[in-house]
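For reference, the structure discussed in these notes is given below.
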Amino acid sequence: MKTTQYLTLLVCTLLCFSCNTKTTKKIAHSGDYNTYVEAEDQKSLLALEADYAFWNGKLNENPNQFPYLIKKAASLSSMFKITGNIDYLIEAETDLVEANERTHAGSSGILRALARNYISQHRFKEALKLLKKAEVVGEHLVGTQNMLFDVHLELGNTAEAKKYLMAIQDFNDFDYVIRLAKWQDHQGDLESAIKYMEKALVIAETSKNPNLKQWVYTNIADFYGHDGQIEKSYTYYLKALDLDPSDAYSKKGIAWIVYSNDDNPEEAMRILNSVTQYHKTPDYELLKAEIAEYMNDEVSKSNHLNAYLEAVDNKKYGDMYNAYNTLVYTDDLLIFDSALTLAEKEVENRPTPHSYDLLAWTYYKKGEYKKALDIVETHIKNKSFEPSILFHVAQIYKDNGKIKEAKTLKKELLTASYELGPVTTQRIKNI
């Protein structure tokens with residue numbers, strides 16, 4: 001779907017950072033990150049492109065050597081991470097499917113690699129089927145069990161996720177500890193989640209493994225932000241960039257700090273514009289549109305929204321942007337039937353509180369308040385701690401006459417202004 005008309009963006013950001021009161025202290029300083037933002041770091045991408053060319057050449061010379069397919073797919077997956085170019089992810093899938101067929105689905109390593117690809121595409125049910133096969137094969141079973149925990153949690157199968165978490169228990173193992181942190185966060189115990197992520201940080205730094213350190217730096221930055229420890233969050237995003245100057249995710253995290261905490265939307269936009277020169281993930285355009293809205297720049301806001309719509313028109317994205325599209329359809333385009341179709345598909349794909357929130361919000365925007373409330377009471381209430389979800393719940397409560405409940409949530413949400421951002425915070429004040 002493409003559009004050229006100016007549209008009003010009412011995007012509720014999906015970033016999850018702080019559940020505590022927003023600090024007024026300025027955190028970010030351009031001198032800390034300008035080297036990463038201004039420099040066109042191409043070293044990582046060029047190295048991966050060379051690696052891809054090497055394995056592709058080897059494959060052309062020896063087409064029967066399926067291990068070359070796996071090596072090539074690994075390069076493509078890493079190139080997707082840096083650039084956000086969906087073509088790389090799809091080509092990697094093609095290679096991994098062929099490798100899996102050649103081994104008659106008998107290699108758990110290949111099955112896991114293909115499952116990771118499907119997870120990146122939000123094809124969680126297909127990933128689960130592959131991982132169950134890998135579990136039967138049994139090779140490197142703990143690695144398979146780690147991923148089974150991940151996928152079950154994504155699908156909302158909390159009992160199954162807990163079973164696999166118990167199966168892999170080892171407090172000295174990085175992979176277990178980070179999953180325990182994720183589980184505690186899912187349960188709403190942020191204090192314990194941070195404790196375990198800090199333990200993972202020690203393991204990673206002791207190992208001196210740059211990949212582990214890169215992963216834990218970005219994730220602990222998220223957790224600290226979620227807890228309102230914004231200075232620590234900022235510090236670890238910078239640490240991640242020091243390891244990998246092309247890390248778009250960390251630059252996005254810093255841009256959010258600059259925008260939501262430091263109240264410097266122009267600088268946040270500068271950072272994001274730099275990132276999107278090489279990293280083309282569509283949802284960055286939605287964040288830029290929100291910042292433009294905050295700056296009262298209607299033209300820029302509409303241009304960024306249109307850029308997002310044009311990007312996700314690519315069918316290769318599949319279901320990856322269903323959640324974002326649902327919100328754009330409900331809050332901007334007012335195409336409720338299309339929004340409902342996508343929300344129902346998300347519930348089918350992932351029956352989680354987040355998916356049900358999309359469904360409830362769509363019915364609410366359609367004016368079917370009672371149906372929205374029924375979904376909240378059955379599938380969301382006491383099952384999610386995300387302010388972006390509770391923001392919708394509060395409005396649904398208000399228009400169903402549950403004023404006391406709405407006011408209680410409003411009070412809680414106003415302490416989450418850093419996470420939700422200034423645009424959404426202003427809307428909360430109107431509840």
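The values are calculated or read from the model by the stated rules, or taken from the named source; none is laboratory data. Computed from a predicted model, the values in this text were never measured in an experiment. Cβ sites come from the backbone with ideal geometry, for glycine too, and all protein chains shown count toward neighbours. SASA here: full protein model, heavy atoms, side chains in, ligands and nucleic acids out. Shrake-Rupley method; radii C 1.70, N 1.55, O 1.52, S 1.80 Å.
A few remarks follow.
- Straight-line reach from Lys404: taking Cα to Cα under 26 Å and skipping same-chain neighbours fewer than 8 places apart, the lysines in range are Lys22, Lys365, Lys366, Lys370, Lys371, Lys381, Lys383, Lys429.
- Dividing the summed -39500 (n - 2.57) terms of all DSSP H runs of n ≥ 4 by the residue count of the chain sets its mean residue ellipticity at 222 nm at -22000 deg cm²/dmol.
- In order through the stretch 245-254: 3J(HN,Hα) via Karplus (6.51 cos²θ - 1.76 cosθ + 1.60), integer Hz, x for Gly, Pro: x, 8, 5, 5, 4, 5, 5, 5, x, 5
- For the stretch 28-34, putting each phi into the Karplus relation 6.51 cos²θ - 1.76 cosθ + 1.60 with θ = phi - 60° gives couplings of 8, 9, 4, x, 6, 10, 4 Hz, in residue order, rounded to whole numbers and with x for Gly and Pro.
- Environment charge at Ala292 (Cβ cut-off 9 Å; Lys +1, Arg +1, Asp -1, Glu -1): -2
- Each peptide in 156-169, 190-203 gets a packing score, the mean of other Cβ atoms within 10 Å over its residues, and the list from highest to lowest is 190-203, 156-169.
- Between helix 43-61 and the chain: long-axis angle, C-alpha atoms, 0 to 90°, nearest 10: 40 degrees
- Candidate cross-link partners of Lys58 among the aspartates and glutamates, defined by an alpha-carbon separation under 19 Å and a same-chain spacing of 8 or more, comprise Glu49, Glu91, Glu93, Asp95, Glu98.
- Euclidean distance of C-alpha centroids, the stretch 213-238 and the stretch 381-431, integer Å: 25 Å
- At the residue level, Glu139 shows approximately 80 square angstrom of accessible surface with a 1.4 angstrom probe and all protein chains present.
- Annotation for the stretch 95-136: trypsin sites (Lys or Arg not before Pro) lying in DSSP loop with at most 15 further Cβ atoms inside 10 Å of their Cβ do not exist.
- Residue-normalised accessible area of the stretch 219-352, given per residue in Å² at a 1.4 Å probe: 36 Å²
- Separation of the Leu414 and Leu45 label points, Cα + 7 Å toward Cβ, nm: 4.5 nm
- Top of Glu386, Glu61, Glu377 by mean-square fluctuation, Gaussian network on the chain, Cα under 10 Å: Glu61
- √(5λ) per eigenvalue of the Cα gyration tensor, the stretch 223-293, largest first, Å: 19, 16, 10
- Applied to the stretch 329-340, the Karplus parametrisation 6.51 cos²θ - 1.76 cosθ + 1.60 on θ = phi - 60° returns per-residue 3J(HN,Hα) values of 5, 6, 9, 10, 7, 6, 9, 6, 5, 5, 4, 5 Hz, with x for Gly and Pro.
- Surface share of carbon and sulfur [accessible, 1.4 angstrom probe, percent] for the chain: 50 percent
- Principal-axis tilt of helix 403-413 within the chain, Cα atoms, nearest 10 degrees: 50 degrees
- Rolling a 1.4 Å probe over the protein heavy atoms gives the stretch 75-200 an accessible area of 44 Å² per residue.
- Shape call, the stretch 97-155: gyration tensor on alpha carbons, a/c limit 1.5: oblate
- Our summary of shape: the Cα atoms of the stretch 304-431 have principal axis extents of 44, 30, 24 Å, ordered from largest down, in whole angstrom.
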